[in-house]
Amino acid sequence: MRGGLTLAGGVLTGNAVGFLRVALTAYLLGTHTRADSLAVAMGPVDSLNSILTNSMVFAFVPMLAAQSGAGRAELFWKLRRAFVWIFLAVSAIVMASAPWLMRALAPGLNADSFEAAVNLARILALSITAAGVAALYWALLYTERRFGPTAFYQATLNLATIVTAITLWKALGVYSFALGYAIGAAIQLALVHFAARPGLRVRKPRAPEGEAALDWRRILAKPAFFVAYAAGLSLNLTFTRAYATHAGPGMAAALEYCMRGVGVPLAILVSPLANSLLPEIARLRSLFRLREAFRLIDRTELLAALIAIGITAITLTLRRPAIALLFQRGSFTADSTRLVSEVFLGLAPVLIGWSLIEITARSLFALDRPWPPLIAALAPVAVNAALTLSLHSHEPQWIGAGASAGALVGAGLLFVMARWRRKRYLEEA
């Protein structure tokens, strides 16, 4: 409970500052083509960083929890030495392939917007290494039940983006947002490194040749499952964002503002519940108390479903006055408010399906049952693509409808698979 409250406080703070970041973006960029460039560049990199963060946490918290003292510190150093090179390689690949990525993820941008998106993606790619290495520290701190240093990651990221954008807007324009994001990721890495130092002083790491004793195939397979799951799930909104670039100038930016309206309650709902439950479910699994683990999962799913439905109903009812109150100033005009509120009409129900997928999937990962989440993660984008392409509508209210339908179908599929295989899990235990 204490861990959940700490994470909830961090998520609330991060998203409050995040709203200020989005409000600043709306004030300076509105729904013009520069906002499209920032949206299509920052969205995929932000999703990738989230995937890396969650994969490190869900893969290595159980592994680090199985060690203690010197053994845990030694294992952490070996993981960090290996994965820092992987994250550096990912950053380099994203920077080198930015033109091809933007061509695939934002095919409808005009030439000027496309060039800006490529440059923004390259700047944002600097954050990938910092976010990935910081996630390893997250796993270590979670193992020690120390949630405070990690809880304010989004607040740090958003605050650095705001300060940098305000300071350097006249000199760098839209690029100041990307630079601020990268600086925020570096600051968070420094913070968690400093917080983890006392636990890592237990024993100095051995020389690299000692790493041969680790089963690296098994170690790499653990985050690989979560990366594949999270990537499959993120493709749902990635496809919608790419399709939105064909629907006219400002549509991708409008979708990004709507995703903030969905992402805030999603983060508040999923992150504290899932991340604080992870150590407890892993502990119950290690004690072969799966019935208790399943009861805990069931109660959490029911609570998440009720909250998600309530939030969706409220936000749909109040969407237009809320958007006007939050964003309608500067470059964000009344026409921008109308456009964003219409896009939100189709996208809002994605909160229900996405939150239920995330709660159930992360619980199954904690039980070391990765295949049902991996299969279910591919359903949303398949349903989304089929529905969106069949409708082939550029009307704002239909832009996000496919993503919402896909998320709901994916949640239903995962629910059925998890219940169908539950008896087998108990027998195996």
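The values are calculated or read from the model by the stated rules, or taken from the named source; none is laboratory data. Keep in mind the model is a prediction, meaning the values are calculated, not measured. Cβ coordinates were reconstructed from backbone atoms using ideal geometry, including for glycine residues, and neighbour counts include every protein chain displayed.
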| query | Of all residues in the stretch 329-341, which are buried (at least 19 other Cβ atoms within 10 Å of the Cβ) and not aromatic (F, W, Y)? | reply | S336, T337, L339, V340, S341
| request: Working only within the stretch 324-370, note down all residues that are within 27 Å of L24 (Cα to Cα), of a type in the set (A, V, I, L, M) and in contact with a Lys or Arg (Cβ under 9 Å, 6 or more places away or on another chain). | output: V340, L345, A348
| Pair list, Cβ under 6 Å, 6 or more apart: the stretch 385-414 residue at pLDDT 95 or above, other residue not in a helix (DSSP H, G or I) | S404/P349
| task | Please enumerate the residues belonging to the stretch 308-327 that are of a type outside the set (A, V, I, L, M) and modelled with pLDDT under 90. | result | F327
| query | What is the number of the single condition among (1) without any contact (Cβ under 8 Å) to a residue 24 or more places away in the chain; (2) polar (S, T, N, Q); (3) outside any helix (DSSP H, G or I) that S331 does not meet? | reply | (1)
| remark: Result of the Cβ filter at 6 Å on the stretch 107-120, keeping first residues that are in a loop (DSSP other than H, G, I, E, B) and partners that are surrounded by 18 or more Cβ atoms within 10 Å (Cβ to Cβ), at least 6 apart or interchain, is G108/T245; L109/T245
| said: Tell me yes or no: at least one residue of the stretch 45-57 is farther than 29 Å from A361 by Cα, crowded, with 19+ Cβ neighbours inside 10 Å and not small (G, A, S). | reply: no
| task | Tally the residues that are buried (at least 23 other Cβ atoms within 10 Å of the Cβ) and under 15 Å from the mean Cα position of the chain (by Cα), restricting the search to the stretch 245-260. | result | 2
| said: under 26 Å from L255 (Cα atoms), over 23 Å from the mean Cα position of the chain (by Cα), among the small types (G, A, S) and buried (at least 19 other Cβ atoms within 10 Å of the Cβ): is that true of S355 in this structure? | reply: no
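Let's see how each residue does on (1) closer than 21 Å to L120 by Cα; (2) touching a strand residue (DSSP E or B) at 6+ places or on another chain (Cβ under 6 Å); (3) of a type outside the set (D, E, K, R); (4) at pLDDT 60 or above:
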| site | (1), (2), (3), (4) |
| --- | --- |
| S176 | yes, no, yes, yes |
| Y181 | yes, no, yes, yes |
| A190 | no, no, yes, yes |
| H193 | no, no, yes, yes |
| R201 | no, no, no, yes |
| K204 | no, no, no, no |
| P208 | no, no, yes, no |
| note | Among V17, V84, the single one that is closer than 19 Å to A155 by Cβ and in a helix (DSSP H, G or I) is V17
| query | When both residues are 6+ apart or on different chains and their Cβ atoms are under 6 Å apart, which pairs have a first residue that lies in the stretch 68-79 and is free of Cβ contacts under 8 Å to residues at least 40 places away in the same chain and under 12 Å from E144 (Cα atoms), and a second that is surrounded by fewer than 19 Cβ atoms within 10 Å (Cβ to Cβ) and among the acidic types (D, E)? | reply | none
| said: Scan the stretch 148-165 and tell me whether some residue there is surrounded by 20 or more Cβ atoms within 10 Å (Cβ to Cβ) and over 20 Å from T13 (Cβ atoms). | reply: no
